[in-house]
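Undergrad: Take this structure, written in structure tokens, and hold onto it; I'll ask about it next.
The values are calculated or read from the model by the stated rules, or taken from the named source; none is laboratory data. Source: prediction; values computed, not measured. Please note: Cβ atoms are built from the backbone with ideal geometry, for glycine as well, and neighbour counts cover all protein chains shown. Calculation scope for accessible area: heavy atoms of the full protein, side chains included, ligands and nucleic acids excluded. Shrake-Rupley method; radii C 1.70, N 1.55, O 1.52, S 1.80 Å.
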Amino acid sequence: MSGRILALSGGVGGAKLALGLARVVPPAELLVVCNTGDDFEHLGLHVSPDLDTVTYTLAGLANPETGWGLAGEGWRFLAALERLGGESWFRLGDRDLATHVERTRRLRDGETLSAVTAAFCRALGVEAAVAPMSDQPVRTVVETAAGDLPFQVYFVRERCAPAVRGLRFEGAEAARPAPAFARALSDPELGVVVLCPSNPYLSMDPILAIPGVVEGLRETSAPVVAVSPIVGGRAIKGPTAKIMAELERPATAVEVARWYRERGILDRFVLDEVDRHLAPQIEALGVEVAVEQTVMRSEADKVALAHALV
């Protein structure tokens, strides 16, 4: 497929596919736009979990066991913090801490999140472009049976245990797509938009909540292709299936395709081979279906799926 590639990504699952795309697409033709609804201030520092996961992964620095954080990380800072009675439920490693300190300094000096992210990519040798969804703050709030919780409190501190009743994205109405994102959406040479296999509710919906994004995806001449985060009725990573059940939606790939289709942004849906039998139900929604090996256990899996997409 000719033209540039725009990938919309959450954290670990999206980062895996982003790495595959970076292996098969020339760096100048790839832009990975990351969800920043997960961003929050912790210990006085601006933390951008999804941006960091994607950047570390593309730099070859991510922890291969967790998919997030840095390989070979140390925890002396966290241990010292615990000894002092500080909040240690969100794990900031010794080397990862430098990222958040420097990001916070630059933001306070007036740089945009886009500029800081681009600078980090250059410093870490990431050739593909990585950008936040917006330079304005958008914060995911999870409405639960235990009350409204900031995303990281729900996801990390509470380990996704409270039942989800709804989601909202504070600040979205006043936000704008980051400059690189806006340019990609209006680029006449855009070849394909890839919706990575990230949680549609927690990772994709914050991006789609920004004014102009859904309209841009509807209007682009490039096909919009989503990779299912649900395989065999289970989420590959994270609480997607749990949240779908709590929101009274079937935890199936068909439901994910319907969710995107309801927003008018889906042209093709990529199913895993084990869900091949679901293809007719998705085609009935007016969506083309491709069947591939979507579970990315190795780098070869990531590259193969990226090849299939582009």
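Undergrad: If the requirement is being β-branched (V, I, T) and farther than 28 Å from S298 by Cβ, which of these qualifies: T66, T104?
TA: Working: T66 fails: farther than 28 Å from S298 by Cβ.
Only one candidate passes the filter, namely T104.
Undergrad: With respect to the numbered conditions (1) at pLDDT below 95; (2) open to solvent by 50 Å² or more (accessible area, probe 1.4 Å); (3) on the phi > 0 side of the Ramachandran plot, which one is the sole condition not fulfilled by G85?
TA: (1)
Undergrad: Could you look through the range 200-231, keep only residues that are out of contact with any helix residue (DSSP H, G or I) (no Cβ under 9 Å at 6 or more places or on another chain) and part of a loop (DSSP other than H, G, I, E, B), and pick out the one that is surrounded by the most Cβ atoms within 10 Å (Cβ to Cβ)?
TA: The extreme case among them is A222.
Undergrad: Filter the range 288-310 for residues that are touching an Asp or Glu at 6+ places or on another chain (Cβ under 7 Å) and among the aliphatic types (A, V, I, L, M); which is farthest from A222 (Cα to Cα)?
TA: It comes out as V295.
Undergrad: Give the residues of the range 232-252 that are open to solvent by less than 60 Å² (accessible area, probe 1.4 Å) and within 18 Å of the chain's Cα centre (by Cα), sorted by residue number.
TA: A235, G238, P239, T240, A241, I243, M244
Undergrad: Among all residue pairs at least 6 apart or on different chains, which show Cβ distances below 6 Å where the first residue, located in the range 201-229, is within 23 Å of V310 (Cα to Cα) and without any contact (Cβ under 8 Å) to a residue 60 or more places away in the chain and the second is among the charged types (D, E, K, R) and assigned to a loop (DSSP other than H, G, I, E, B)?
TA: V214/R263; P223/D267; V224/D267
Undergrad: Starting from the range 167-192, take each residue that is among the aromatic types (F, W, Y) and list its partners that are buried (at least 20 other Cβ atoms within 10 Å of the Cβ) and assigned to a loop (DSSP other than H, G, I, E, B), counting only C-beta distances under 8 angstrom and pairs at least six apart or across chains.
TA: Short answer, once both residue conditions are applied: F169/G37; F169/V138; F169/A209; F181/M133; F181/S134.
Undergrad: Out of everything in the range 177-188 that is over 13 Å from R4 (Cα atoms) and in contact with a helix residue (DSSP H, G or I) (Cβ under 7 Å, 6 or more places away or on another chain), what residue ends up being least open to solvent (accessible area, probe 1.4 Å)?
TA: Kept after step one, since they are over 13 Å from R4 (Cα atoms), are these residues of the range 177-188: 177-179, 182.
Next, from what is left, pick out any that are in contact with a helix residue (DSSP H, G or I) (Cβ under 7 Å, 6 or more places away or on another chain): 177-179.
Values: P177: 32, A178: 1, P179: 67 Å².
Result: A178.
Undergrad: Tell me whether the range 284-304 contains one or more residues that are closer than 17 Å to Y260 by Cα, part of a helix (DSSP H, G or I) and not basic (K, R). Lay out the reasoning, then the answer.
TA: Residues of the range 284-304 that are closer than 17 Å to Y260 by Cα, as a first pass: 284-290.
Cutting the leftovers down to part of a helix (DSSP H, G or I) gives us none.
Scanning the range 284-304, I find no residue that is closer than 17 Å to Y260 by Cα, part of a helix (DSSP H, G or I) and not basic (K, R), so the answer is no.
Undergrad: Further, regarding this structure: Does E73 satisfy the criteria of being more than 20 Å from Q152 (Cα to Cα) and in a loop (DSSP other than H, G, I, E, B)? Don't jump to the end; show me each part of the working.
TA: Working: more than 20 Å from Q152 (Cα to Cα): yes; in a loop (DSSP other than H, G, I, E, B): yes.
Yes.
Undergrad: Pull out all pairs, ordered by first then second residue, where Cβ-Cβ is under 8 Å, the residues are six or more apart or on different chains, the first lies in the range 241-261 and is touching a residue at least 40 places away in the same chain (Cβ under 8 Å), and the second is open to solvent by 10 Å² or more (accessible area, probe 1.4 Å) and among the acidic types (D, E).
TA: From residues that are touching a residue at least 40 places away in the same chain (Cβ under 8 Å), the pairs are M244/E255.
Undergrad: Looking at the range 1-43 only, could you name the residues that are open to solvent by 30 Å² or more (accessible area, probe 1.4 Å), assigned to a loop (DSSP other than H, G, I, E, B) and of a type outside the set (S, T, Y)?
TA: M1, P26, L43
Undergrad: Of all residues in the range 53-71, which are in contact with a strand residue (DSSP E or B) (Cβ under 9 Å, 6 or more places away or on another chain) and either more than 18 Å from S114 (Cβ to Cβ) or surrounded by fewer than 24 Cβ atoms within 10 Å (Cβ to Cβ) (or both)? Let's see the steps before the verdict.
TA: Start the filter on the range 53-71 by keeping residues that are in contact with a strand residue (DSSP E or B) (Cβ under 9 Å, 6 or more places away or on another chain), which leaves 53-56, 58, 61-63, 68-71.
The answer is Y56, L61, A62, N63, W68, G69, L70, A71.
Undergrad: If you don't mind, another one. Look at P280 and say whether it is part of a loop (DSSP other than H, G, I, E, B), open to solvent by 70 Å² or more (accessible area, probe 1.4 Å) and either without any contact (Cβ under 8 Å) to a residue 60 or more places away in the chain or touching a Lys or Arg at 6+ places or on another chain (Cβ under 6 Å) (or both).
TA: Numbers: part of a loop (DSSP other than H, G, I, E, B): no; open to solvent by 70 Å² or more (accessible area, probe 1.4 Å): yes; either without any contact (Cβ under 8 Å) to a residue 60 or more places away in the chain or touching a Lys or Arg at 6+ places or on another chain (Cβ under 6 Å) (or both): yes.
Judged against the criteria, P280 is not a match.
Undergrad: Are any residues in the range 119-153 crowded, with 20+ Cβ neighbours inside 10 Å, under 18 Å from A174 (Cβ atoms) and of a type in the set (A, V, I, L, M, F, W, C), and if so, which ones?
TA: M133, V138
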